[in-house]
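Data first, discussion second: the structure below is written as structure tokens.
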Amino acid sequence: MPIPTELVGSLPRPMKLQEAYQSYDDGAIDFAQLEAEQDKAAEDSIKRLEQTGETYVTDGEQRESSFATYPITDTLAGTGLADNLAGDGQFFAIFDDGHHRQLPRLTGGPFRYKRFASEFVEKNKVIAVKPVKQAVIAPSMLMLLYPLEGELDGYSREQFLDDLCDEVEKDIRQAFAAGAERVSIDFTEGRLANKNDARNPWTNKDMLQEFIDLNNRVIDRFSAEERRNIGIHTCPGGDCDSVHSKEVPYEKLLSKMFQLNAGYFLIQCASEEDRESVYELCGRYSREDANGVAQVCFMGVINPLSPEVETPEQVKEQLVAAAKHIPVERLGATDDCGFSPFSRDVKPKHGSPDFARDIAMQKIANRVEGARLASEELGV
């Protein structure tokens, strides 16, 4: 079988859509007007992705305020926040360029999603000709809504985690029921858990194993057949063309990440200085049998943070090198990260989000072609 390809999820949002998010926060337009701009950008994303030859298509997360908070708020600024949440939570991440992203704070229970990703899938299925995938957020990210220390009156940490796992399971099941053929779980906090940033207290808590165990509480609710189409995405962040944890030794994550009983992994690699070591680690730690499913390693061959477009030949070379360490039947190609995981991102290295959107499509088309070339060279 040829080497499969798959995008992570997000695409740069047009400036017009980003301005609509701001207008909604300012009270200048209502949600229906924001939604109309989301719908336009989503349809454009799907149609352009189909032209690249991409296997699975998404709306590029045009309908989401961010990959992390789509279930609980309408916008990054906290407009339309779900019940029992306040806007003054802890930082999720502090990026290398100095900017940060903040999570809401849980104030009580029960914890419930206000929106499920199946809503996006249903809309996208109407537009798409090709199969649809959907990215969802990991429980390990949303567990950071709960205070790090102590417990909330009347709502214990364990009660919250039970409710959280139920909501994430529902999110995944409903996405499949709505017609998604693949569902990938965003796990960017995995590498960040090893950073120990004094400015960001949760990173000093050595939470990686706790994250993995919590995510498996959800993943293990699915059969082996279902888990073949449930993926995990990891990266050192990608926002405003900056990262949050790339200096953390990758082995700290990769030596543990494959404990997750998912069927496939979307793994940042193109932007690593030592790609060979990443291929070797993935080959060493990925499992041929993860409770009944073989783990496929989709290696990042495209750097979404750079406006330089990789050629198909460069993509091919990376995949052929990866195949020396990862069995070719368990090798795939992806991008290092979503192209714009947060809705307010002007893509500074690119000059504008609209230009970055064009560049993203060129990169994706070259990834698809590069995977075809590598498949030919490797005889699969």
For this session: Starting at the first residue of the stretch 10-20, write each ³J(HN,Hα) from the Karplus equation 6.51 cos²θ - 1.76 cosθ + 1.60 with θ = phi - 60°, in whole Hz, x for Gly and Pro.
Result: 7, 10, x, 8, x, 4, 4, 5, 4, 5, 5
Exercise. When ranked by the protection proxy of mean other Cβ atoms within 10 Å per residue, highest first, what sequence do the peptides 241-252, 263-274 form?
Worked result: 263-274, 241-252
Seminar exercise, completed: When Phe211, Phe187 are arranged by how many other beta-carbons sit within 10 Å of their Cβ, fewest first, they go Phe211, Phe187
Exercise. How far apart, in nm, are two points set 7 Å out from the Cα along the Cα-to-Cβ line at Ser277 and at Glu151?
Worked result: 4.2 nm
Exercise. Taking Cα centroids, how far is the stretch 26-46 from the stretch 175-237 in Å?
Worked result: 29 Å
Exercise. Per-residue HN-Hα couplings for the stretch 89-100, Karplus 6.51 cos²θ - 1.76 cosθ + 1.60 at θ = phi - 60°, whole Hz, x for Gly and Pro?
Worked result: x, 7, 5, 6, 8, 10, 8, 4, 7, x, 7, 9
Problem set entry | Distant-in-sequence amide H partners of Leu152 (H built 1.01 Å from N, under 5 Å) | Arg157
For this session: Give me the distance between the Cα centres of the stretch 238-300 and the stretch 47-104, rounded to whole Å.
Result: 22 Å
Exercise. Taking amide H positions as placed 1.01 Å from N in the peptide plane, with prolines and chain starts having none, which residues 5 or more places from Leu85, or on another chain, fall under 5 Å of its amide H?
Worked result: Thr107
Exercise. Does the stretch 156-300 classify as rounded, prolate or oblate by the C-alpha gyration tensor (a ≥ b ≥ c root eigenvalues; a/c under 1.5 gives rounded; else a/b over b/c gives prolate, otherwise oblate)?
Worked result: oblate
Exercise. What size of dipole, in debye to the nearest 20, comes out for the chain about its Cα centre when the only charges are +1 on Lys and Arg C-beta atoms and -1 on Asp and Glu C-beta atoms?
Worked result: 440 debye
Problem set entry | ³J(HN,Hα), Karplus 6.51/-1.76/1.60, whole Hz, each residue of the stretch 367-378, x for Gly, Pro | 4, 4, 5, x, 5, 5, 4, 5, 4, 4, 5, 8
Problem set entry | Within the stretch 15-378, percent of DSSP bridges classed antiparallel, to nearest 5 | 25 percent
For this session: Work out the charge dipole of the stretch 124-247 with +1 on the Cβ of Lys and Arg and -1 on the Cβ of Asp and Glu about the Cα centre, then indicate which of Ala180, Gly237, Gln209 is farthest towards its positive end.
Result: Ala180
For this session: Sort Glu149, Glu19 so that the residue with the fewest other Cβ atoms within 10 Å of its own Cβ comes first and the one with the most comes last.
Result: Glu149, Glu19
For this session: Using amide H atoms built 1.01 Å from N in the peptide plane, name the residues 5+ places from Val136, or on other chains, whose amide H lies under 5 Å from its own.
Result: Ser184, Ile185, Asp186
Problem set entry | Förster radius 41 Å - calculated FRET efficiency between Lys125 and Arg105 (Cβ-Cβ, nearest 0.05) | 0.75
Exercise. Are any of the pairs Lys252/Lys347; Lys114/Lys347; Lys47/Lys324; Lys40/Lys125; Lys133/Lys170 more than 25 Å apart by Cα-Cα distance, and if so, which?
Worked result: Lys252/Lys347; Lys114/Lys347; Lys47/Lys324
Seminar exercise, completed: Fewest to most Cβ atoms within 10 Å: Lys195, Lys347, Lys170 sort as Lys170, Lys195, Lys347
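None of the figures in this text is laboratory data; all of them are computed from the coordinates on show. Everything numeric in this text was worked out from a predicted model, so none of it was measured. Here the Cβ is made from the backbone with ideal geometry for all residues, glycine too, and neighbour counts use every protein chain on show.
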